[in-house]
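Colleague: Questions regarding the structure given below will be posed in turn.
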Amino acid sequence: MKCPYCGHLDNKVIDSRLNKESTITRRRRSCLTCNQRFTTYERLEVMMPVLVKKDGRRESWDRQKMVVGLDKACEKRPVSCDEIDAFVDEIEKKLQDIGAKEVSSQVIGELVMANLPDLDEVAYVRFASVYRQFKDVSEFVDELQALVDARDVKS
């Protein structure tokens, strides 16, 4: 691992810890050249399906794109980065469970739409307004009513 301070490759691990789900290893490292400390994270890399866009283009899975989109939807909401990461982890697990080599971006959008109300209802409405491309206020109101109805059913 290259030191972010001096660029040398010689370092030692001084502490390793797993996250609660045992899916990420956090390593505290110390550079043997400049003695600066830094943290690295290891995550198991799994083969994610290729995304098939509406226009037929194919893209490899990019976790960061989903995180950025959810960050925008959750902006100024009481949703932590850890909660967003956990949400994306769940979406990735569901995509892996599908077991297909290719998945349409629509399937991913629907997975997010189905699970986002549990994370934050306002984020859901924000995401829905972009994802569903509302043309007028009545479509927006219909989506809000569906959210309220679904919440009432759960209660």
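Colleague: Which residue pairs have Cβ atoms closer than 8 Å, lie 6 or more positions apart in sequence or on different chains, and pair a first residue in region 122-146 that is farther than 17 Å from Ile108 by Cβ and at pLDDT below 85 with a second residue that is among the acidic types (Asp, Glu) and surrounded by 15 or more Cβ atoms within 10 Å (Cβ to Cβ)?
Modeller: The qualifying pairs are Ser129/Glu143; Phe134/Glu143.
Colleague: Would you please name the residue that is nearest to the chain's Cα centre (by Cα), looking only at residues in region 125-153 that are among the polar types (S, T, N, Q) and in a helix (DSSP H, G or I)?
Modeller: The extreme case among them is Ser129.
Colleague: Take the residues in region 25-49 that are among the hydrophobic types (A, V, I, L, M, F, W, C) and modelled with pLDDT of 90 or more; name whichever of them is nearest to Glu102 (Cα to Cα).
Modeller: From region 25-49, those among the hydrophobic types (A, V, I, L, M, F, W, C) are 31-32, 34, 38, 44, 46-48; that's our starting set.
Checking which are modelled with pLDDT of 90 or more leaves us with 31-32, 34, 38.
On the way: Cys31: 42, Leu32: 44, Cys34: 46, Phe38: 37 Å.
Taking the candidates together, the pick is Phe38.
Colleague: Mind listing whichever residues of region 94-121 are aliphatic (A, V, I, L, M), in a helix (DSSP H, G or I) and surrounded by 15 or more Cβ atoms within 10 Å (Cβ to Cβ)?
Modeller: Result: Leu95, Val107, Ile108, Leu111, Val112, Met113, Leu116, Leu119.
Colleague: If you don't mind, there's one more thing I want to ask. Against the conditions (1) touching a residue at least 24 places away in the same chain (Cβ under 8 Å); (2) more than 19 Å from Glu59 (Cβ to Cβ); (3) surrounded by 14 or more Cβ atoms within 10 Å (Cβ to Cβ), where does Ile91 fall short? Just the number, please.
Modeller: Among (1) touching a residue at least 24 places away in the same chain (Cβ under 8 Å); (2) more than 19 Å from Glu59 (Cβ to Cβ); (3) surrounded by 14 or more Cβ atoms within 10 Å (Cβ to Cβ), Ile91 violates only (2).
One line per residue, one yes/no per condition, for (1) in the same structural domain as Lys94 (by TED's automatic domain parsing); (2) under 26 Å from the mean Cα position of the chain (by Cα); (3) surrounded by 12 or more Cβ atoms within 10 Å (Cβ to Cβ):
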residue: Asp15; (1), (2), (3): no, no, no
residue: Leu18; (1), (2), (3): no, yes, no
residue: Glu21; (1), (2), (3): no, yes, no
residue: Ile24; (1), (2), (3): no, yes, yes
residue: Arg27; (1), (2), (3): no, yes, yes
residue: Leu32; (1), (2), (3): no, no, yes
residue: Gln36; (1), (2), (3): no, no, yes
residue: Thr39; (1), (2), (3): no, yes, no
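Colleague: Of all residues in region 130-155, how many are touching an Asp or Glu at 6+ places or on another chain (Cβ under 8 Å) and not aromatic (Phe, Trp, Tyr)?
Modeller: Kept after step one, since they are touching an Asp or Glu at 6+ places or on another chain (Cβ under 8 Å), are these residues of region 130-155: 132, 134, 147, 151.
With the extra rule that they be not aromatic (Phe, Trp, Tyr), the set shrinks to 132, 147, 151.
Count: 3.
Colleague: Would you mind finding the one in Leu111, Leu116 that is at pLDDT 90 or above and in contact with a Lys or Arg (Cβ under 6 Å, 6 or more places away or on another chain)?
Modeller: Leu111
Colleague: Report yes if some residue within region 41-63 is closer than 30 Å to Val122 by Cα and part of a helix (DSSP H, G or I); otherwise report no.
Modeller: For region 41-63, residues closer than 30 Å to Val122 by Cα and part of a helix (DSSP H, G or I): present.
The values are calculated or read from the model by the stated rules, or taken from the named source; none is laboratory data. On a predicted model such as this, the values are computed, not experimentally measured, just so you know. All Cβ positions, glycine included, derive from the backbone under ideal geometry; neighbour counts span all protein chains shown.
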